[in-house]
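K.L.:
Below: one structure in structure tokens.
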Amino acid sequence: MRLQRDILTEKLRAGEWLKQADIESRYQANRFEVRMALSELAAKHLIDHIPNRGYRVINPSDRERSDLYEVRTILETAAGRLAAQKCTDEDVDALSKLVDEFEAAIDTHSRADLIALNLEFHNSFYALAGNELLVDQIRELRERGIPGRKGGWDTVAGTRASNEDHRQMVDMLRRRDADGLSYTIYRHLNRWREFTKPTDSE
């Protein structure tokens with residue numbers, strides 16, 4: 001779905017209102033198709049439906065984002081342990097190529113391209129857990145965390161640091177080091193806390 005892709009690549013910003021007429025024009029879609037798309041995205045918690053006002057891209061508060069990342073940490077460290085048990089050397093080599101591709105793209109590609117590459121890496125990584133339900137839950141929560149996120153991607157150095165986490169995740173996977181992998185995933189997921197302090201005011 002192009003509308004979902006534009007939210008996930010931040011072409012549509014957190015908190016941005018989605019006018020049905022604009023969406024119809026932008027995506028060359030009819031009213032029924034737009035309504036179905038909006039309902040589906042609301043069910044995925046990528047947009048909010050505000051009664052009598054319409055739809056807008058989600059913009060989680062710091063408290064909501066903190067809760068989201070706590071759940072993600074639990075699921076993704078568990079999935080990492082499964083991946084360490086089930087992966088093959090060929091799987092690890094394929095992930096390593098994605099890390100190299102992301103590194104090469106940092107200085108030459110758009111933020112939207114980097115987000116897409118990042119999603120591809122994580123989706124490929126957790127697919128190695130071999131549990132489709134777990135992978136789907138991780139993907140949904142990861143996507144919910146994209147709009148309005150803050151953190152290391154605000155600088156080139158931070159983006160490189162994020163990809164170095166990916167490289168270390170692949171290294172732990174190659175060693176079949178489940179404990180080291182769990183720690184690396186935990187650190188990677190919680191880097192954002194260095195850049196924002198959760199509050200209850202939002």
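The values are calculated or read from the model by the stated rules, or taken from the named source; none is laboratory data. Everything numeric here is computed off the predicted structure, so don't read it as measured data. Note: ideal-geometry Cβ built from the backbone for every residue, glycine included; neighbour counts use all protein chains shown.
K.L.:
For the condition in contact (Cβ under 8 Å) with a residue 24 or more places away in the chain and more than 18 Å from residue 121 (Cβ to Cβ), what is the one hit in 157, 161, 178?
P.N.:
Selected residue: 178, the only one of 157, 161, 178 that is in contact (Cβ under 8 Å) with a residue 24 or more places away in the chain and more than 18 Å from residue 121 (Cβ to Cβ).
K.L.:
Could we say that residue 164 is under 23 Å from residue 87 (Cα atoms) and either within 17 Å of the chain's Cα centre (by Cα) or charged (D, E, K, R) (or both) here?
P.N.:
yes
K.L.:
Quick one: in segment 29-49, which of the residues that are among the hydrophobic types (A, V, I, L, M, F, W, C) and not in a helix (DSSP H, G or I) is farthest from residue 117 (Cα to Cα)?
P.N.:
29
K.L.:
Mind listing whichever residues of segment 84-103 are outside any helix (DSSP H, G or I) and either under 26 Å from residue 159 (Cβ atoms) or of a type in the set (Lys, Arg) (or both)? Working first, answer last.
P.N.:
Just the residues of segment 84-103 that are outside any helix (DSSP H, G or I), to begin with: 87-88.
Matches in segment 84-103: 87 only.
K.L.:
Filter segment 48-77 for residues that are among the β-branched types (Val, Ile, Thr) and either exposed (fewer than 15 other Cβ atoms within 10 Å of the Cβ) or within 16 Å of residue 141 (Cβ to Cβ) (or both) and give the result.
P.N.:
50, 58, 71, 73, 74, 77
K.L.:
Let me confirm something: among 26, 81, which residue is free of Cβ contacts under 8 Å to residues at least 12 places away in the same chain, surrounded by 14 or more Cβ atoms within 10 Å (Cβ to Cβ) and in a helix (DSSP H, G or I)?
P.N.:
26
K.L.:
Right, next: Across segment 30-59, which residue is farthest from residue 13 (Cα to Cα) among those that are in contact (Cβ under 8 Å) with a residue 24 or more places away in the chain and of a type in the set (Gly, Ala, Ser)?
P.N.:
Only one residue fits best here, namely 37.
K.L.:
Name the residue that is surrounded by the fewest Cβ atoms within 10 Å (Cβ to Cβ), counting only residues in segment 84-134 that are out of contact with any His (no Cβ under 9 Å at 6 or more places or on another chain) and polar (S, T, N, Q).
P.N.:
Among residues in segment 84-134 that are out of contact with any His (no Cβ under 9 Å at 6 or more places or on another chain) and polar (S, T, N, Q), the one surrounded by the fewest Cβ atoms within 10 Å (Cβ to Cβ) is 108.
K.L.:
Check 77, 88, 73, 108 and return the single one that is modelled with pLDDT under 95 and under 30 Å from residue 170 (Cβ atoms). Reasoning before the result, please.
P.N.:
Numbers: 77 fails: modelled with pLDDT under 95; 88 fails: modelled with pLDDT under 95; 73 fails: modelled with pLDDT under 95.
Testing whether each residue is modelled with pLDDT under 95 and under 30 Å from residue 170 (Cβ atoms) leaves just 108.
K.L.:
Against the definition (in contact (Cβ under 8 Å) with a residue 60 or more places away in the chain and part of a helix (DSSP H, G or I)), how does residue 120 come out, yes or no?
P.N.:
No: the conditions fail for residue 120.
K.L.:
Another question about this same structure. Is there a residue being part of a loop (DSSP other than H, G, I, E, B), closer than 21 Å to residue 187 by Cβ and over 12 Å from the mean Cα position of the chain (by Cα) anywhere in segment 135-148?
P.N.:
Checked against the condition, which is being part of a loop (DSSP other than H, G, I, E, B), closer than 21 Å to residue 187 by Cβ and over 12 Å from the mean Cα position of the chain (by Cα), segment 135-148 yields no hits at all.
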